[in-house]
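Trainee: Quick one: structure below, then a few questions.
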Amino acid sequence: MIELPIEDTGSNYALHPTKIVCLGRNYRAHAKEFGNEPPTEPLFFVKTPTCLIPHGAPIILPPPDLCIKRVDHEIELAVIIKHSCKNVPSNEVMERLEGFTVFNDITARDLQREDISNKRPWFRSKNLDTFGPIGPRLVPAGSIDPGNLDLTLKVNGELRQHANTAAMVFKIPEQVAFISRYMTLEPGDIIATGTPHGVGPLANGDVVDATIDGIGTLENPVTASR
């Protein structure tokens, strides 16, 4: 279980999702950098809660025997569900949210490409242990506008990603409404709303700072597997 401090309350939110639903290609420039067109409907996949780590914990690179050569960062705005959602209309979504935080969708990029090229699910490339940094705090729904937030990711102080959530292809109400048609979203579940362009590789010794205005900076060091 991960505890997220709740903005300006002195209390914590105990994070224990049943699932993490992630949007793919939800920024046009990110879709383009991998040679893809933006989807015509929300494209989503699932990460498991076992990949989650808190602010300050290390992202651990895969062991050599897995032959994974590239691990990428992907900053995303994360939505935390408050009330169960099933077939929820988009105009009711915002009242069912607990709040927002920062998420880093760490990805074994070469493994993902291999699985896609061989027409296999790319579940494993997203779900290695420590591949889901989240934090540093929870900002309650209603206190910020999630549709107009700057996202910035730096590695060792070098700018890698910078965009605004206004550039999302599908906005949060559309995302949650669409996903809830196919599965029930439970309280505590996480929606990772997609990453902008500029994703890139991480190496042993790096420090990743993922910042979203109004929320804060999620910082995680990168270490080699022992």
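Readers should treat all values here as calculations from the given coordinates under stated rules, not as data from a laboratory. Just so it is clear, the structure is predicted and the values come from calculations on it, not from any experiment. Every residue, glycine as well, gets a Cβ built from its backbone with ideal geometry; the counts of neighbours run over all protein chains shown.
Trainee: Can you give the convex hull volume per residue for the Cα atoms of the chain, as a whole number of Å³?
Mentor: Dividing the Cα hull volume of the chain by its residues yields 115 Å³.
Trainee: Of the listed pairs LYS69/LYS119; LYS86/LYS154; LYS82/LYS119; LYS19/LYS119; LYS32/LYS82, which have alpha-carbon separations greater than 31 Å here?
Mentor: Pairs exceeding 31 Å: LYS86/LYS154; LYS82/LYS119; LYS32/LYS82.
Trainee: Determine, for MET183, MET168, the number of other Cβ atoms within 10 Å of each Cβ, and report the residues in order from fewest to most.
Mentor: Values: MET183 15, MET168 21.
Ordered by Cβ neighbours within 10 Å, fewest first: MET183, MET168.
Trainee: Using the Kirkwood formula on the Cα atoms of segment 99-226, what hydrodynamic radius do you get, in angstrom to one decimal?
Mentor: Working: mean 1/r = 0.0619 Å⁻¹.
Result for segment 99-226, one decimal place: 16.1 Å.
Trainee: Still on this model: How many nm is it between the label spots at ASN204 and THR48, if each spot is 7 Å from the Cα in line with the beta carbon?
Mentor: Here the modelled spin labels are 2.6 nm apart.
Trainee: With viscosity set to 0.692 mPa s at 37 °C, what whole-number translational diffusion coefficient in µm²/s follows for segment 1-44 from Stokes-Einstein and a Kirkwood radius over Cα pairs? Please report the intermediate quantities before stating the final value.
Mentor: Numbers: Rh = 13.3 Å.
So the translational diffusion coefficient is about 248 µm²/s.
Trainee: Related question: Calculate, for THR223 and ASP65, the FRET efficiency according to 1/(1 + (r/R0)^6) with r their C-beta to C-beta distance and R0 22 Å; round to the nearest 0.05. It would help to have the intermediate numbers written out before the result.
Mentor: On the way: r = 17 Å, r/R0 = 0.77.
Between THR223 and ASP65 the formula returns 0.85.
Trainee: Next question, about the same structure. Among ASP150, ASP110, ASP145, rank each residue by its count of other Cβ atoms within 10 Å, from fewest to most, as a rough exposure measure.
Mentor: On the way: ASP150 13, ASP110 16, ASP145 10.
Final ranking by Cβ density, sparse to dense: ASP145, ASP150, ASP110.
Trainee: Counting other beta carbons within 10 Å of each Cβ, put CYS22, CYS51 in order, fewest first. Please report the intermediate quantities before stating the final value.
Mentor: Values: CYS22 25, CYS51 18.
Sorted ascending by nearby Cβ count, the order is CYS51, CYS22.
Trainee: Highest first, please rank the peptides 73-85, 209-221 by the mean number of other Cβ atoms sitting within 10 Å of their residues.
Mentor: Final packing ranking: 73-85, 209-221.
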